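Just so you know, all these numbers are worked out from the coordinates, no wet-lab data involved. Because the structure is predicted, anything quoted here is derived from the model rather than measured. Here Cβ is always computed from backbone atoms with ideal geometry, including for glycine, and neighbour counts include all displayed protein chains.
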Amino acid sequence: MNQTFTNIPSLLTKTNHLPTPFFVIDEDKIENNLKVLQSVIKETDCKILLAQKAFSCFDFYPIISKYLSGTTASGLYEAQLAHEYFATNNKKVETAKNLPDYTDNTKATGCENHVFAPAFTDSDIQKIVKICSHIVFNSANQLNKHYDICKKNNVSISLRVNPQHSTQGGGETGNHSLYDPCAPLSRFGVKIDDTIWKDESLHEKLDGLHFHTLCQQGYSDLESTFKVFESSFGEFFSKLCKHKNNIGKTPYINLGGGHHITNGKLHEKKRGYQTDNGYNIERLIGLIEYIKQKYGCQVYLEPGEAVVLNSGYLVSSVLDIIDDKIMPIVILDTSAACHNPDILETKHDYMPPIYKASIALTSDLSSPNTCRLAGNSCLTGDIIGDYKFDKKLQISDKVVFGDMALYTIVKGNTFNGIPLPDIYKLSNNSITQIRKSDYIDFKSRLGK
Ligand SMILES: Cc1ncc(COP(=O)(O)O)c(C=O)c1O
């Protein structure tokens, strides 16, 4: 059995009485991931941030903030969440309770609160500068528009660049073009032919550079990306770093997310199929050391997935089974459309791992244990996928999905009025509920 499904029998016994569907997030597994990330921090003095877009269950921020330097947000609301709950002293920032009375107490939390968005509105930026320590702009227009207010509020400013080096079409992870910020016509990051590079004072305006190009990838894709980054932007970055060092400031480079550092066995093509190649942490450490020495800068990484990889489950039940000549169709009390939209967004390139089941191969179609798992919504395409189970599924059986902490809870929705799964925390062998879902989740977004 792979690393995703250790301890499931005991988890199922503990949760037998709970109504499905529900997520269980295993805090000990998150801590194991954090220890792996900590080994990189200890060796290199780099800083690692939690990318909240992947996972924002703030009950886990105290443990995450013991290991990581801060968070990165995709806009005001995630930044606000980090401001309220992510503090190195593991205490909620009391003054943040009364938001939107934004007070400049970010530094009091001892944590860094970074934010990036393709564009910021004027009204958001006024709040962001009060709670964020670092901001990443996506264009010359945005930098110039919001530069003064950031400077005035002592927010560190960087610019996202686009190395235009696609690594997601093959290699270690297969085709992820949906998640490739280097794809043609990408709106992400300033490219090398942008007129911004003619701005003679740019190295003075910026405190650092940022790129994000990877998704569930191994070390070698980072290395090839960094080489291209250097050949395009290295000269400018050297100038920026020299200038900052001369005035006694520490410049930085943020290498984004998508580094599957905690993946002992890298996924191949789809999550669920695995190879024996673990992430090459030694070479990552070597690259960070090289960058630090060559440029005299701080290095940041901002993974989301790697922090919570293989730390969550979604437990669901079989509601009905429809006979079909090709294979039985199993209706679950969960839904790809509502609880796991990545399945549909990727057109089933991603299919989640399931306990005691494997993704069905053509040769499995004749097996009585092979079935189509479908969601309980009206969408015809609400199909989770075809799986072969160890035993033929029956009505009321539990189906346990693995690796469910990342990009699931944050993307959940109540289409069709389908309830959001409750959320439980598993810690020190005991289960506690951290969120109960109800009708208000559905209703409150639709009117007063
Ligand atoms: C700018 C940025 N940083 C970090 C991340 C986190 O990536 P991951 O969860 O794949 O590590 C993302 C993901 O889309 C991103 O867009």
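Listed values, structure above:
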{"quantity": "Relative contact order (%) - the chain, alpha-carbon pairs under 8 angstrom, separation at least six", "calculated": "17"}
{"quantity": "Around LYS425: net Lys/Arg minus Asp/Glu count, Cβ-Cβ under 14 Å", "calculated": "-2"}
{"quantity": "Antiparallel DSSP beta bridges within the range 27-308, percent to nearest 5", "calculated": "5"}
{"quantity": "Amide H within-cut-off set for VAL399, under 5 Å, with H built and near neighbours excluded", "calculated": "SER316, SER317, VAL318"}
{"quantity": "Rg/Rg_globular for the range 317-391, with Rg_globular taken as 2.2 N^0.38 Å and Rg from C-alpha atoms", "calculated": "1.02"}
{"quantity": "Kirkwood hydrodynamic radius of the range 333-448, from inverse mean 1/r over distinct Cα pairs, in Å", "calculated": "15.7"}
{"quantity": "Distance (nanometres) between label positions extended 7 Å along Cα→Cβ at THR13 and LEU202", "calculated": "6.2"}
{"quantity": "Coarse-grained scattering of the chain at q = 0.06, 0.07, 0.09, 0.11 Å⁻¹, given as base-10 log I(q)/I(0) from a Debye sum over alpha-carbon atoms", "calculated": "-0.27, -0.37, -0.61, -0.90"}
{"quantity": "Cross-link pairs beyond the 18 Å C-alpha cut-off, checked among LYS29/LYS425; LYS325/LYS398; LYS145/LYS239; LYS356/LYS392; LYS152/LYS205; LYS205/LYS242", "calculated": "LYS325/LYS398; LYS145/LYS239"}
{"quantity": "Summed residue charge, Cβ within 13 Å of SER232's Cβ, Lys/Arg positive, Asp/Glu negative", "calculated": "-2"}
{"quantity": "Counted charge near ILE247, where neighbours are those whose Cβ lies closer than 15 Å (Asp, Glu -1; Lys, Arg +1)", "calculated": "+4"}
{"quantity": "Per-residue [θ]222 nm for the chain (sum of -39500 (n - 2.57) over DSSP H runs n ≥ 4, rounded to 500)", "calculated": "-8500 deg cm²/dmol"}
